[in-house]
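J.: Here you go, one structure.
The values are calculated or read from the model by the stated rules, or taken from the named source; none is laboratory data. Keep in mind the model is a prediction, meaning the values are calculated, not measured. For neighbour counting, all protein chains shown are included, and Cβ atoms are generated from backbone atoms with ideal geometry for every residue, glycine included.
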Amino acid sequence: MDRLATTIGLFPLPDGQRERLAELKGHQKSDLIDGDEARATRDAYAATRRHYIDRQREAGLDRLVEGQGRWDDLLAHPLCVHENVRTGGIVRYYDNNNFYREPVVTGELTASGDVPSELAAAAEHCDDLGAVLPGPYSLAGLARDEHYGSSAAFLDGVADFLAGEVTAFPDGVETLTLLEPGFATEPPDAAAYERIGDAIDTVAAATDADVLVHTYWGTPGDDLYRRLLDTDADGLGYDLVTDPEAATTLAAEYGAPPRVLLGVVDGQNTLIESQETINERADRFAERAATDVDAAYLTPNTGLFHLPVSKFEAKLDALAAATGGAQ
Amino acid sequence: MTDTRERFRPADHPNDHFLLTTVVGSYPKPTWLNRARDLRDDDSSAFDDEAWNEAVNDASRVITHEHEHAGLDVVCDGEMRREEMVEFFAERIDGYEFNGPVKVWGHNYFDKPSVVSEVSYDEPWLREEYEFTTDIAERPVKVPITGPYTLASWSFDEAYGSEETLAYELADLVNEEISSLVAAGARYIQIDEPALATTPDDHAIVGECLERIVADLPDDVRIGLHVCYGDYSRIYPEINDYPIDEFDVELANGDYDQLDVFTGGDFEPDLGLGVVDVHTTDIESVAQIERNIEHGLEIVPPEKLTISPDCGVKLLPRDVARGKIENMVRATRNVEADLDSGDIDSSGT
């Protein structure tokens, strides 16, 4: 099994830029990113993006990400900056001590170009880029719909929106990871599985990059997992920190795609995993999977913004070291 | 439990009805206090600990009086000695270390600490704050204290491997601290548990924590529990069994969209109702706040209703924070008068 060290993005703002951006923008709901930032703010995010690329390269990661420093509203960001979305009150971000502005969708989710422009800027400094987006089910779950009228139509609308964004990605994007924590935190009804699979296919069809669908903070239910195996996604992601037994059991029962993303590093704890721990978690998964795993992206199980910068960087270094990277 | 509310009615209270007005705790620090902190932290500055103590006492005095001038029935000093609700306590508890700030939302961060070894009680946490504030205040003083579940949940756990175990260990330390505060005269304690209602079934852990916290406390101590920004359907009706006198909850930010969780007539403790949003700089009008207060009467009768902001107001500009609290008190007094006159139905339904 080949091992490649990477992350699923959502990085913490670097020291210095964190303070600078707070000064430039402010601390209230209305001060957050709306897609129309002032020049100085754009420059600060550009510097942040370059720093992320440099730091990942220094660590020796195999695939670099843009880092999403600008995503004030975390995975809800792509909607919160959309012209047909207004932002409501701040609401809790899953079961964490984090909050985001609830996006309220008031019109058609046309392609916005926001994420593609971030990736294009990152691609200027890196020719082997991993893109990260919320998956359609989780993104719809973070928002409130006042336009599409039904959860099914809303899911389709969000999938079309994401596909539109993905179509505009720059050439340097080699992988696209769709984050679907909602599969574990707000499990969908069985009646929605088919439509969720179709929604993922809609997004996957929009790119030639390898598409991975990663569930974290738990696992998808058995039947949803089987539906995910049937989608056009090239690989699936497994959280081997939150409930490794459940995640591994899915692969043991139903098999795994030849390419997987393994969340082997705890994105929400400052304790730094050893190389041995990281590789043991990956080995155990591969041994128990009912089918052969050819390649594994070793990543944190979650985004890394939960950590202080020093520990975030230590996690990058630990992942790279486990796969023989620069550190 | 013992009626712990009526003693907080001011002698000159203008209405028969009494909706107790208070704050959740934090308040914007005066700009000069932040500058003083910068000087204190600057090694090249001659600004020493004595000067810092004078500055922080002055700030405590100013904000306590600002609360009193706003007309609040129960005040605190706006937590002038505290930078952040977890950091402050983690700095005083053995077993914690700090590695840098982490994001809460937007550009609001806190130094989320890591528990790296067994936690233990080392030095008093809030006694100095309580004794100073109560000495200079003319109104009764409430002591907000971060609850053990939040202290556990908002830390990185490198040592225990069980949030529940860590929370119970911390609950025993909180009990030790509150016992000390009660010995110093404190009679209104508010346990802040914003981490409650954020994960399924955490109500059971918090329930056990509260039992440990109130163990051996006198009955006449008013114990409040403040909760915010959670999914309240996860913790109601379970909170009815908590050993608390008051349940204070954020509801204005969501425009009372979770109100129906609590309606139905079985709400057991007093209700502390958030009536102003602490995350918008628009100062709600008195009329708007009056409407918000009336939502509380859908849950409890007036004699069980306490009025407060949604949460601590420290992120607001100071003039906005003051404006919100002044309007909140005005609106409360208006609603009391309307209850007295019968213009508002006081049946609680």
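J.: Filter the stretch B:35-71 down to the residues that are polar (S, T, N, Q) and at pLDDT 95 or above, then identify the one that is surrounded by the fewest Cβ atoms within 10 Å (Cβ to Cβ).
T.: If we filter the stretch B:35-71 for residues that are polar (S, T, N, Q), which is where we start, we get B:44-45, B:53, B:57, B:60, B:64.
Next cut, at pLDDT 95 or above only: B:53, B:57, B:60, B:64.
On the way: B:53: 13, B:57: 17, B:60: 23, B:64: 26.
For the stretch B:35-71, the residue satisfying everything is B:53.
J.: Do you know which residues across the stretch A:215-240 are part of a helix (DSSP H, G or I) and among the hydroxyl-bearing types (Ser, Thr, Tyr)?
T.: Restricting attention to the stretch A:215-240, the residues satisfying the condition of being part of a helix (DSSP H, G or I) are A:222-229.
Once the filter is applied, which keeps residues that are part of a helix (DSSP H, G or I) and among the hydroxyl-bearing types (Ser, Thr, Tyr), the stretch A:215-240 yields only A:225.
J.: If I ask for residues that are among the aliphatic types (A, V, I, L, M) and part of a loop (DSSP other than H, G, I, E, B), which ones from the stretch B:212-240 would you list? Steps first, answer last, please.
T.: Taking the stretch B:212-240 and keeping what is among the aliphatic types (A, V, I, L, M), we get B:213-215, B:217, B:221, B:223, B:225, B:227, B:235, B:239.
Listed by number, the residues that qualify are B:215, B:217, B:221, B:235.
J.: Is there a residue in the stretch A:124-142 that is within 26 Å of residue A:39 (Cα to Cα), surrounded by 19 or more Cβ atoms within 10 Å (Cβ to Cβ) and within 14 Å of chain B (Cβ to nearest Cβ)?
T.: Looking through the stretch A:124-142, none of the residues is within 26 Å of residue A:39 (Cα to Cα), surrounded by 19 or more Cβ atoms within 10 Å (Cβ to Cβ) and within 14 Å of chain B (Cβ to nearest Cβ).
J.: Further question: For the subset of the stretch B:73-96 comprising residues that are over 19 Å from the mean Cα position of the chain (by Cα) and not charged (D, E, K, R), which member is farthest from the other protein chains (Cβ to nearest Cβ)? So that I can check it myself, show each step before the final result.
T.: Going residue by residue through the stretch B:73-96, those that are over 19 Å from the mean Cα position of the chain (by Cα) are B:91-96.
Pick out the ones that are also not charged (D, E, K, R) and you get B:93, B:95-96.
On the way: B:93: 17, B:95: 14, B:96: 11 Å.
Selected residue: B:93.
J.: Additional query: Quick one: residue A:323 ticks every box in (1) farther than 24 Å from residue A:208 by Cα; (2) in contact (Cβ under 8 Å) with a residue 60 or more places away in the chain; (3) surrounded by 22 or more Cβ atoms within 10 Å (Cβ to Cβ) bar one, so which box is it?
T.: (3)
J.: Now a separate question. Out of (1) small (Gly, Ala, Ser); (2) surrounded by fewer than 23 Cβ atoms within 10 Å (Cβ to Cβ); (3) more than 17 Å from residue B:243 (Cβ to Cβ), what's the single condition that is false for residue B:197?
T.: Result: residue B:197 passes all but (2).
J.: If you don't mind, there's one more thing I want to ask. Would you check which residues across the stretch B:97-110 are more than 7 Å from every other protein chain (Cβ to nearest Cβ), modelled with pLDDT of 95 or more and within 16 Å of residue B:83 (Cβ to Cβ) and list them?
T.: B:98
J.: Quick one: count up the residues across the stretch A:69-109 that are out of contact with any helix residue (DSSP H, G or I) (no Cβ under 7 Å at 6 or more places or on another chain), polar (S, T, N, Q) and farther than 23 Å from residue A:215 by Cα.
T.: Within the stretch A:69-109, residues that are out of contact with any helix residue (DSSP H, G or I) (no Cβ under 7 Å at 6 or more places or on another chain), polar (S, T, N, Q) and farther than 23 Å from residue A:215 by Cα number 2.
J.: What are the residues in the stretch B:244-264 that are free of Cβ contacts under 8 Å to residues at least 60 places away in the same chain and either farther than 15 Å from residue B:304 by Cβ or among the small types (Gly, Ala, Ser) (or both), if any?
T.: Step one: of the stretch B:244-264, the residues free of Cβ contacts under 8 Å to residues at least 60 places away in the same chain are B:244, B:247, B:249, B:251-264.
Scanning the stretch B:244-264 gives B:251, B:252, B:253, B:254, B:255, B:256, B:257, B:258, B:259, B:260, B:261, B:264.
J.: Identify all residues within the stretch B:115-154 that are surrounded by fewer than 24 Cβ atoms within 10 Å (Cβ to Cβ), under 20 Å from the mean Cα position of the chain (by Cα) and within 14 Å of chain A (Cβ to nearest Cβ); write none if there are none.
T.: B:154
J.: Being surrounded by fewer than 23 Cβ atoms within 10 Å (Cβ to Cβ) and under 20 Å from the mean Cα position of the chain (by Cα) is the filter here; which residues of the stretch B:301-313 pass it? Please lay out each step first, then the result.
T.: We begin by selecting, within the stretch B:301-313, every residue surrounded by fewer than 23 Cβ atoms within 10 Å (Cβ to Cβ); these are B:301-304.
B:304, the sole residue that qualifies.
J.: Shifting gears a bit: Select from the stretch A:270-288 the residues that are out of contact with any strand residue (DSSP E or B) (no Cβ under 8 Å at 6 or more places or on another chain) and part of a loop (DSSP other than H, G, I, E, B) and list them in ascending order.
T.: If the condition is that a residue be out of contact with any strand residue (DSSP E or B) (no Cβ under 8 Å at 6 or more places or on another chain) and part of a loop (DSSP other than H, G, I, E, B), then A:272, A:274 are the ones that fit.
J.: Between a first residue in the stretch A:244-255 that is touching a residue at least 12 places away in the same chain (Cβ under 8 Å) and a second residue that is among the hydrophobic types (A, V, I, L, M, F, W, C) and buried (at least 16 other Cβ atoms within 10 Å of the Cβ), which pairs have beta carbons less than 6 Å apart while being 6 or more apart in sequence or on different chains?
T.: Pairs found: A:247/A:240; A:248/A:285; A:251/A:289.
Residue-wise test of (1) at pLDDT 95 or above; (2) over 17 Å from the mean Cα position of the chain (by Cα).
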| residue | (1), (2) |
| --- | --- |
| B:192 | yes, no |
| B:199 | no, yes |
| B:218 | yes, yes |
| B:231 | no, yes |
| B:236 | yes, yes |
| B:245 | yes, no |
| B:248 | yes, no |
| B:253 | no, no |
| B:264 | no, yes |
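J.: So if I check each of B:75, B:56, B:24, which one is touching a His at 6+ places or on another chain (Cβ under 8 Å), farther than 23 Å from residue A:28 by Cα and not acidic (Asp, Glu)? Full working, then the answer.
T.: Details: B:56 fails: touching a His at 6+ places or on another chain (Cβ under 8 Å); B:24 fails: farther than 23 Å from residue A:28 by Cα.
The conditions single out B:75.
J.: To continue, here is another question. Take the conditions more than 23 Å from residue A:51 (Cα to Cα), within 14 Å of another protein chain (Cβ to nearest Cβ) and either out of contact with any Cys (no Cβ under 8 Å at 6 or more places or on another chain) or not polar (S, T, N, Q) (or both) and apply them to residue A:307. Does it pass?
T.: Numbers: more than 23 Å from residue A:51 (Cα to Cα): no; within 14 Å of another protein chain (Cβ to nearest Cβ): yes; either out of contact with any Cys (no Cβ under 8 Å at 6 or more places or on another chain) or not polar (S, T, N, Q) (or both): yes.
Against the criterion (more than 23 Å from residue A:51 (Cα to Cα), within 14 Å of another protein chain (Cβ to nearest Cβ) and either out of contact with any Cys (no Cβ under 8 Å at 6 or more places or on another chain) or not polar (S, T, N, Q) (or both)), residue A:307 does not qualify.
J.: When you go through (1) within 14 Å of another protein chain (Cβ to nearest Cβ); (2) closer than 26 Å to residue B:117 by Cα; (3) of a type outside the set (Ser, Thr, Tyr) one by one for residue A:317, which number turns out not to apply?
T.: (1)
J.: Here are A:317, A:292, A:266: which of them is acidic (Asp, Glu) and in contact with a Ser or Thr (Cβ under 9 Å, 6 or more places away or on another chain)? I'd like the intermediate steps shown before the answer.
T.: On the way: A:317 fails: in contact with a Ser or Thr (Cβ under 9 Å, 6 or more places away or on another chain); A:292 fails: in contact with a Ser or Thr (Cβ under 9 Å, 6 or more places away or on another chain).
It is A:266.
J.: Follow-up question, since we're still on this one. Being among the small types (Gly, Ala, Ser), surrounded by 24 or more Cβ atoms within 10 Å (Cβ to Cβ) and within 17 Å of residue A:123 (Cβ to Cβ) is the filter here; which residues of the stretch A:39-78 pass it?
T.: Step one: list which residues in the stretch A:39-78 are among the small types (Gly, Ala, Ser), which gives A:40, A:44, A:46-47, A:59-60, A:67, A:69, A:76.
The next check asks that each one be surrounded by 24 or more Cβ atoms within 10 Å (Cβ to Cβ); those that pass are A:67, A:69, A:76.
Of everything in the stretch A:39-78, those that are among the small types (Gly, Ala, Ser), surrounded by 24 or more Cβ atoms within 10 Å (Cβ to Cβ) and within 17 Å of residue A:123 (Cβ to Cβ) turn out to be A:67, A:69.
J.: If I filter the stretch B:1-52 down to residues being in a loop (DSSP other than H, G, I, E, B) and among the acidic types (Asp, Glu), which single residue comes out as farthest from residue B:190 (Cα to Cα)?
T.: Across the stretch B:1-52, the extreme among qualifying residues is B:43.
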